[in-house]
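Following: one structure in structure tokens, then a few remarks.
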Amino acid sequence: MSQTLAKTVEAYEIRFPSLYREGHALAFPCDRNGHVDLDALSERAKGNYLFARAMVGREFATPRVQLSDLH
């Protein structure tokens, strides 16, 4: 008798919510501790990530790590 086990893979993202546009945010894949693999990002995504980090408190709220719904 063969059994197939469904394996759940958790994917995380770090979200930078906009301070001025409710419901808008920038989100990037990360590990469960919020570490982003910059080498895995496209140049555009890398630029957006660095921008979001630099603009926390000015354009974006403090980021939060959450499970990603984009598996």
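Tabulated results
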{"quantity": "Shape call, region 16-71: gyration tensor on alpha carbons, a/c limit 1.5", "calculated": "oblate"}
{"quantity": "Residue-by-residue Karplus 3J(HN,Hα) for region 19-29, coefficients 6.51, -1.76, 1.60, Hz, glycine and proline x", "calculated": "7, 10, 10, 4, x, 9, 7, 9, 10, 9, x"}
{"quantity": "Mean ellipticity per residue at 222 nm, deg cm²/dmol - from DSSP H runs of n ≥ 4 across the chain, formula -39500 (n - 2.57)", "calculated": "-5000 deg cm²/dmol"}
{"quantity": "Other-chain or far-sequence residues with amide H under 5 Å of CYS30's (modelled H)", "calculated": "TYR12, GLU13, ILE14"}
{"quantity": "Top positive-direction residue, dipole computed over the chain with Cβ charges, set PHE28, ILE14, PHE51", "calculated": "PHE51"}
{"quantity": "Amide H contacts under 5 Å for ALA25, placed H, 5+ residues apart", "calculated": "SER18"}
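The numbers here are math on the coordinates, done by the rules we state, and not lab data. Source: prediction; values computed, not measured. Quick reminder, even Gly has a Cβ in these numbers, built from the backbone with ideal geometry, and neighbours come from all protein chains shown.
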